[in-house]
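Accompanying notes for the structure given below.
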Amino acid sequence: DAVERGEFRHYMQKEIFEQPNAVAATLEARIGPHGVLPSIFGVDGDELLTRVRGVHIIACGTSYHAGLVAKYWLEEHARLPVSVEVASEYRYREAVVPDGTLFVAISQSGETADTLAAMRESRRRGYLGTLAICNVPESSVVREADLKLMTRAGPEIGVASTKAFTTQLAALALLTLHLAQQRGLERGRYIDLCTQLQHMPRAIENALKLEPQVIALAEHLIHRQHALFLGRGVQYPVALEGSLKLKEISYIHAEAYPAGELKHGPLALVDEDMPVIAVAPNGPLLDKLKSNLQEVRARGGELLVFADGEASLENHGARGVTLRINGGGDFIAPAVFTVPLQLLAYHVAVLRGTDVDQPRNLAKSVTVE
Ligand code: G6P
């Protein structure tokens, strides 16, 4: 055990630091200077994908959050309508499936009972085809899918998923680019997105260097009972993932909200005992987020802001800290911003003395309903 963990104290920490290599492996021989290579979805895959007119993504847990990021990507760049749903809901719902819809199952293990059942159910519902994004080649989900795109994260031992998530994002980014190109995304933008994706491993590596600053932030959370995560746009699913990581391993009650919903409920909870962790987007939504943060500040809430190095954010005063992250570009920023949130959850859990790799009541793979 100690030999496998090497210099790291827990598998989770080791797996967080394996992300640059895991993402690089997932991209290897799939994307080059001229774009996504043909046939990464198999011989029949290219032809099937030209007929896609919409996408339904089904997953559980962290994999579901990866699907939510992909919704923003596929809609913006491939101009496809996308719905994302947790498998346990989808499988018992009478989903309406428009012609030309692709079913996408995302699963690290490929054995999650609800995801597998949802995929089996989808066979009855008239999809164009099924695509599995998965980390285990011999798993049931992969065996039963028409098309597959493997993440190459290697074995993930920590129950709280880390490198599986960022490699899922890398795979979903490849899917987005493939469909975007087929559907006529302007060439200059396409090449820009491809270049960003190729830099994802490097950008994640840079984000890992923030660990000392994140440890300092973790001190702010160790005695808290609750935490509120806010995000907007494609960073909203990142806020969801950050809050899931924190609750899974530190047992602090955490929830994530789209920042625009703050006034519709969670603001009632904000006082000096409620830290608010904001994942700040860059671009047009930043100004909107700033006004949301002002609401928090006015109520004495402590702010921890994860912001792009370029974002202009005023000082938060005594009750606030901003951590600057180089997001590596608008497309890959969700993957890069995830890393300090993983580290935050990890270090809060370590400081609180929980069983980081084996959190109580949770399982790595949920193979029963
Ligand atoms: C469990 C794990 C999570 C994981 C989820 C879905 O809840 O603890 O880390 O995200 O299952 O698993 P899958 O293997 O389908 O991605």
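Rule-based calculations on the coordinates, nothing more; no lab input. Predicted, not measured: the structure shown is a model, and the values here were computed from it. Every residue, glycine among them, receives a Cβ derived from its backbone with ideal geometry; neighbour counts consider all protein chains shown.
Measuring r between the beta carbons of E186 and R124 and using R0 = 30 Å, the FRET efficiency lands at 0.20.
Placing unit charges on each Cβ (+1 for Lys and Arg, -1 for Asp and Glu) gives the chain a dipole about its Cα centre, and among L341, L267, S83 the Cα reaching farthest toward its positive end belongs to S83.
Within the stretch 1-93, the trypsin sites (Lys or Arg not before Pro) that combine a DSSP coil assignment with at most 13 other C-beta atoms in a 10 angstrom radius are R9, R51, R53, R79, R93. Residues whose amide H falls under 5 Å from that of F229, counting only those 5 or more places apart or on a different chain, are E255, A256, Y257, I277, with hydrogens built in the peptide plane.
Note on the chain: percent of Cα-Cα distances in each 20 Å bin, starting at 0 and stopping at the bin with the largest distance, equals 31, 59, 11.
Here the Karplus relation 6.51 cos²θ - 1.76 cosθ + 1.60, evaluated at θ = phi - 60°, turns the backbone of the stretch 332-344 into coupling constants of 8, 3, x, 5, 6, 5, 4, 4, x, 5, 4, 5, 4 Hz, with x for every Gly and Pro.
Give a quick list of GluC sites (Glu not before Pro) in the stretch 1-86 that DSSP marks as loop, anything other than H, G, I, E or B, with at most 14 other Cβ atoms within 10 Å. Here the sparse-neighbourhood loop sites are E7, E28.
Taking Cβ atoms as reference points and 12 Å as the exclusive limit, the residues near V84 contribute a net charge of -2, counting Lys and Arg as +1 and Asp and Glu as -1. Were the residues from T367 through V97 laid out at 0.36 nm apart, the gain over their Cα-Cα distance would be 94.5 nm. Charges were assigned to the Cβ only: +1 to each Lys and Arg, -1 to each Asp and Glu. The resulting dipole of the stretch 75-211 about its Cα centre is roughly 280 debye. Taking one quarter of the surface of the C-alpha convex hull of the stretch 92-196 gives a mean projected area of 7.8 nm². Distances between placed amide hydrogens fall under 5 Å for K148 paired with A132, all partners being 5 or more residues away or on another chain. DSSP finds beta bridges in the chain, and of those with both partners inside it, around 5 percent are antiparallel.
Under 5 Å between amide hydrogens, built in the peptide plane, is the criterion, and for V84 it picks out I57 among residues at least 5 positions away or on other chains. Relative to the longest principal axis of the Cα atoms of the chain, the long axis of helix 187-198 lies at roughly 60 degrees.
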